[in-house]
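**Student:** Here you go, one structure.
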Amino acid sequence: MANDKRHPRKRFWAWSALAGLVSAAAFLASAELVALIFAREGSPILAVGSFVIDIVPRWAKEFAIETFGANDKLFLLLGLAFGVAVAAAVAGVLQFLRPPLGVIALGLAGVLSTAAIVTRAGATALAWLPPVVGTIVGSLLLWLLVTKLRSWRDDVVASRRDAVSMTDAAGAGPVASDSPAASGPASATQTTPAQKGPLDRRSFFRLLGITAAGAAIVGVGARVVNVTTGSIDAVRKALKLPAAQEKVMVPDGADLDIPGISPLYTGNKDFYRVDTALTVPSIDPDTWRLTIDGMVGEKIELSFDDLVGMGLNEYSITLTCVSNEVGGDLLGTAKWLGIPVRDVLEKAAPKSGADMVLSRSIDGFTASTPLASLTDPKLDAILAVGMNGEPLPLEHGFPVRMVVPGLYGYVSATKWLTELKVTTFAKDEAYWTPRGYSAKAPIKFSSRIDTPRLDKAIDAGPVKVAGVAWAQTVGIKQVDVKIDDNDWQAAKLSVPVNVDTWVQWYVDWEATPGTHYVTVRATDKNGKQQVEERAPIAPDGSSGLQKTLIRVN
Ligand SMILES: Nc1nc2c(c(=O)[nH]1)N[C@H]1C(S)=C(S)[C@@H](COP(=O)(O)O)O[C@H]1N2
Ligand SMILES: [Mo]
């Protein structure tokens, strides 16, 4: 007897788990649909994902970036989806065993995701609507599906009991089968409400199928429309920025054009991207405002037209990420169109005693920049609106971002900028500060070998060993290269555009068959040599010399 019962129970468990999964899919799909119509930032899966990004510890983040590279966010979403699937299956089984525990669990998930959404920076007044509608739809479906499932189960149990009592009465052996189909003939004695069984079963599967298909179509459809109708992309394409009053003068010999070397200016599509944003914020320049507040004589607010109306110049600056390992590629150079931050700050009249500007992004990210770096008339700290002759690409901060020569991006280069708060380091903390990075972080000057590459063997004979070197705000004086255990030899340098832009370097070398080591070392215009001692990226940037292997055929 006991054995007979175990089987159908397991099967019902599986169906209830599936009911949980499908209900969760309906939750997410209806939330996506409502989000698309009323509040795009109200997507529960994205809000919860962003919440996770903000709370995971630094080592986990570094592990993710190292292991999955540019796909780190995709893997976060997949991991999240897996977690949601397991929780949903458990909720389904719970609802089957102990109703209404499953519905309560789903409601709780709804409350948590609503909290994650409404507490995010940039949440609009209707941001709560998508998760709330999703919770109602999901709970209702879970309740309906499992109710049908339970009545089907009750029916199977009842009909088996009948069959058992019949066979017992006949003095026969145990019941042969436990499938509802097989119990059909036994129920056909018309002494039980057995016809309900197949009916409940059929309507359970019909509802399950319709819900699953509907959720897939609505959910995927809404997400795709949400992503592709980023109308801001069209706004950006149509945007005409005023011409620069002063353009960057690129001297002859600034770009050596050596095969394999980093071009002097990194194309916008090739420019590295680092940020905590799971989806790129959409900001319409027409509604964008920059607030300058905190320790100021007068709080002011600027529109996009106000800002560009102040007059734009072009600046050549190499941007560097603190996460750039020795020899890494988390840096790039662009011609930025913008206006000095000091001109904007001046309008608000910062008060004495302030020593920091906390710049804030629409997505809640903040950076702490020394006030002195932003007011120094010799330093081109800018609010940028253009990059390499176009409006800023959406991923690089459209419509306005900061760029400060000489400081790592996380303490200066706030994208999707909305606020400059004049304050002090004692009073305010930026996004990465409590997460294990320094509050102040000047770029450690460094150099990189671009060619030849370890992964591409070269032919013996004359080659150019070449790369780039950067020492923003100071400039590169010299680059030395060491091949195997030979003496350091001075590399030839490109003509510098300015001290804030990297320079290219190369040495001519007669490559002989075998493997060789190449090491590079820069010296800045203060006469300081690149630090040889290795340092990890946390808390304030890597150091050490790049030494790479070259294979020659
Ligand atoms: N809003 C926002 N701005 C941000 C960040 C971020 O996470 N969010 N990351 C910063 C970091 S760490 C770097 S290195 C630069 C990178 O700029 P890019 O993506 O345009 O290359 O942006 C900075 N600005
Ligand atoms: Mo960074």
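The values are calculated or read from the model by the stated rules, or taken from the named source; none is laboratory data. All figures in this text were calculated on a predicted structure; none of them were measured in a lab. Here the Cβ positions follow ideal geometry from the backbone for every residue, glycine too, while neighbour counts run over all protein chains shown.
**Student:** For region 50-69, check the following and say yes or no: at least one residue is at pLDDT below 75, in a helix (DSSP H, G or I) and among the β-branched types (V, I, T).
**Tutor:** Yes.
**Student:** Would you pick out the residues in region 388-401 that are within 8 Å of ligand 1 (Cβ to nearest atom) and either free of Cβ contacts under 8 Å to residues at least 40 places away in the same chain or more than 16 Å from A277 (Cα to Cα) (or both)?
**Tutor:** Listed by number, the residues that qualify are G397, R401.
**Student:** So, one more: Within region 304-311, is there a residue that is in a loop (DSSP other than H, G, I, E, B), under 29 Å from L76 (Cα atoms) and in contact (Cβ under 8 Å) with a residue 40 or more places away in the chain?
**Tutor:** no
**Student:** Looking at (1) on the phi > 0 side of the Ramachandran plot; (2) free of Cβ contacts under 8 Å to residues at least 12 places away in the same chain, find the lone condition where V224 falls short.
**Tutor:** Every condition holds for V224 apart from (1).
**Student:** When region 113-134 is examined, which residues are found to be part of a helix (DSSP H, G or I) and touching a residue at least 12 places away in the same chain (Cβ under 8 Å)?
**Tutor:** S113, T114, A116, I117, L129, P130, P131, V132, V133, G134 - these are the residues of region 113-134 that are part of a helix (DSSP H, G or I) and touching a residue at least 12 places away in the same chain (Cβ under 8 Å).
**Student:** Here is a further query. I'd like the residue in region 395-427 that is within 12 Å of ligand 2 (Cβ to nearest atom) and β-branched (V, I, T) and, out of all such residues, is surrounded by the fewest Cβ atoms within 10 Å (Cβ to Cβ).
**Tutor:** Checked region 395-427; the qualifying residue surrounded by the fewest Cβ atoms within 10 Å (Cβ to Cβ) is V411.
**Student:** Further question: Hey, any hits in region 320-334 for a residue that's over 22 Å from the mean Cα position of the chain (by Cα), surrounded by fewer than 20 Cβ atoms within 10 Å (Cβ to Cβ) and within 30 Å of T119 (Cα to Cα)?
**Tutor:** no
**Student:** If we keep just the residues of region 410-431 that are under 22 Å from the mean Cα position of the chain (by Cα) and more than 26 Å from A243 (Cα to Cα), which is nearest to ligand 1 (Cβ to nearest atom)?
**Tutor:** Among them, the one singled out is Y410.
**Student:** Sticking with this structure for a sec: Go through (1) among the aliphatic types (A, V, I, L, M); (2) within 14 Å of ligand 1 (Cβ to nearest atom); (3) over 20 Å from P393 (Cα atoms) and name the single condition I283 misses.
**Tutor:** (3)
**Student:** Scan region 197-211 and report the pairs whose first residue is within 17 Å of R160 (Cβ to Cβ) and assigned by TED's automatic domain parsing to the domain that holds L21 and whose second residue is assigned to a helix (DSSP H, G or I) and hydroxyl-bearing (S, T, Y), with Cβ atoms within less than 6 Å and a gap of 6+ or a chain change.
**Tutor:** Qualifying pairs under 6 Å: D200/S151.
**Student:** Find the residue count for region 269-303, including only residues that are part of a strand (DSSP E or B), of a type in the set (D, E) and in contact (Cβ under 8 Å) with a residue 24 or more places away in the chain.
**Tutor:** Narrowing region 269-303 to residues part of a strand (DSSP E or B): 289-294, 296, 300-303.
Now restrict to residues that are of a type in the set (D, E): 293, 301.
Narrowing the set further to residues that are in contact (Cβ under 8 Å) with a residue 24 or more places away in the chain leaves 293.
Adding up the residues that qualify gives 1.
**Student:** Might you check whether a residue that is under 21 Å from K247 (Cα atoms) and crowded, with 24+ Cβ neighbours inside 10 Å occurs anywhere in region 340-359?
**Tutor:** yes
**Student:** Does A430 qualify as being surrounded by fewer than 18 Cβ atoms within 10 Å (Cβ to Cβ) and either at pLDDT 95 or above or within 16 Å of ligand 2 (Cβ to nearest atom) (or both)?
**Tutor:** Criteria not met by A430.
**Student:** Please enumerate the residues belonging to region 315-350 that are closer than 20 Å to V250 by Cα, of a type outside the set (G, A, S) and within 12 Å of ligand 1 (Cβ to nearest atom).
**Tutor:** First, the residues of region 315-350 that are closer than 20 Å to V250 by Cα: 315-319, 331-339.
Keeping just the survivors that are of a type outside the set (G, A, S) gives 315, 317-319, 331, 333, 335-337, 339.
Correct list: I317, T318, L319, L331, T333, W336.
**Student:** Taking the stated definitions as given, is S368 buried (at least 18 other Cβ atoms within 10 Å of the Cβ), within 16 Å of ligand 2 (Cβ to nearest atom), farther than 20 Å from L307 by Cβ and in contact (Cβ under 8 Å) with a residue 60 or more places away in the chain? Step through it out loud before you land on a result.
**Tutor:** Numbers: buried (at least 18 other Cβ atoms within 10 Å of the Cβ): yes; within 16 Å of ligand 2 (Cβ to nearest atom): yes; farther than 20 Å from L307 by Cβ: yes; in contact (Cβ under 8 Å) with a residue 60 or more places away in the chain: yes.
Yes; evaluated as a whole, the condition is true for this residue.
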